[in-house]
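> Here it is: the structure, laid out below.
The values are calculated or read from the model by the stated rules, or taken from the named source; none is laboratory data. Note that the structure is a prediction, hence the values are computed from the model and not measured. Positions of Cβ are generated from backbone atoms using ideal geometry, with glycine treated the same way; all protein chains shown enter the neighbour counts.
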Amino acid sequence: MEKKKRIALVAHDNRKQDLIEWVEYNAVTLLEHKIICTGTTGKLIEQQLKPALDSEKFSSFEVTKLKSGPLGGDQQLGAMIVDGEIDLMIFFWDPMQPQPHDVDVKALLRITVLYNIPTACNRSTADFIISSHLFNEEYRQKVKDYSTYINREVKM
């Protein structure tokens, strides 16, 4: 991981306001990094931060928006993780509301574990990640070696 992190931001509908508040609170820190969001979350963050983004101090703040989660944004994000294009993920998901795309959410969380991507699913964990000295440094994460699995003999 480079010093400038590529941060995925995702939130279910009932948690979007929580994520927006977290982003507002941490905007100065997040300015130094690249932000990638699922579509609706990205739009809401841009709208909410528009006054700040128009100021010269925040002019470099950029939000890359993927598709909305239920329309494939979760899967796009998973592909970016597999391709090494995401360094950490903040995903405020709603534990009280079943989602029509729960299987996509589970797959995305599985990929973050598989590729050893730091993942915060609530504000406390996000606060711990963003306040860690590792957040603003280069970091070499260890990814489990799956070569034994990849090179296994396949029988039919």
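> Can you work out which of the residues in segment 88-97 that are surrounded by fewer than 21 Cβ atoms within 10 Å (Cβ to Cβ) and either aliphatic (A, V, I, L, M) or touching a residue at least 12 places away in the same chain (Cβ under 8 Å) (or both) is nearest to Q141 (Cα to Cα)? Lay out the reasoning, then the answer.
Initial filter on segment 88-97 (surrounded by fewer than 21 Cβ atoms within 10 Å (Cβ to Cβ)): 93-97.
Filter once more, keeping what is either aliphatic (A, V, I, L, M) or touching a residue at least 12 places away in the same chain (Cβ under 8 Å) (or both): 93-94, 96-97.
On the way: W93: 25, D94: 28, M96: 32, Q97: 33 Å.
In this case the residue turns out to be W93.
> Also, quick follow-up: Suppose we filter L9, L77 for residues that are among the hydrophobic types (A, V, I, L, M, F, W, C) and in a strand (DSSP E or B); which single one remains?
Details: L77 fails: in a strand (DSSP E or B).
Of L9, L77, the one residue that is among the hydrophobic types (A, V, I, L, M, F, W, C) and in a strand (DSSP E or B) is L9.
> Which condition number does G84 fail, the rest of (1) exposed (fewer than 13 other Cβ atoms within 10 Å of the Cβ); (2) over 26 Å from F128 (Cβ atoms); (3) not polar (S, T, N, Q) being met?
Condition not satisfied by G84: (2).
> Output the residue which, of all residues in segment 50-74 that are buried (at least 16 other Cβ atoms within 10 Å of the Cβ), closer than 22 Å to V28 by Cβ and within 19 Å of the chain's Cα centre (by Cα), is modelled with the highest pLDDT.
Applying the filter and picking the extreme gives K65.
> When you go through (1) in contact with a helix residue (DSSP H, G or I) (Cβ under 6 Å, 6 or more places away or on another chain); (2) among the hydrophobic types (A, V, I, L, M, F, W, C); (3) without any contact (Cβ under 8 Å) to a residue 40 or more places away in the chain one by one for A79, which number turns out not to apply?
Status for A79: all satisfied but (1).
> If you check K34, K16, which single one turns out to be over 21 Å from F135 (Cα atoms) and under 15 Å from the mean Cα position of the chain (by Cα)? Don't jump to the end; show me each part of the working.
Values: K34 fails: over 21 Å from F135 (Cα atoms).
Matching residue, one of K34, K16: K16.
> Right, another one. Among residues belonging to segment 9-38 that are surrounded by 18 or more Cβ atoms within 10 Å (Cβ to Cβ) and under 18 Å from H101 (Cα atoms), point out the one that is modelled with the lowest pLDDT.
Checked segment 9-38; the qualifying residue modelled with the lowest pLDDT is H12.
> How many residues, within segment 109-138, are over 17 Å from the mean Cα position of the chain (by Cα) and under 20 Å from G84 (Cβ atoms)? Walk me through how you get there before you give the answer.
Taking segment 109-138 and keeping what is over 17 Å from the mean Cα position of the chain (by Cα), we get 133, 137-138.
Okay, now just the ones that are also under 20 Å from G84 (Cβ atoms), so 137-138.
Of the residues in segment 109-138, 2 are over 17 Å from the mean Cα position of the chain (by Cα) and under 20 Å from G84 (Cβ atoms).
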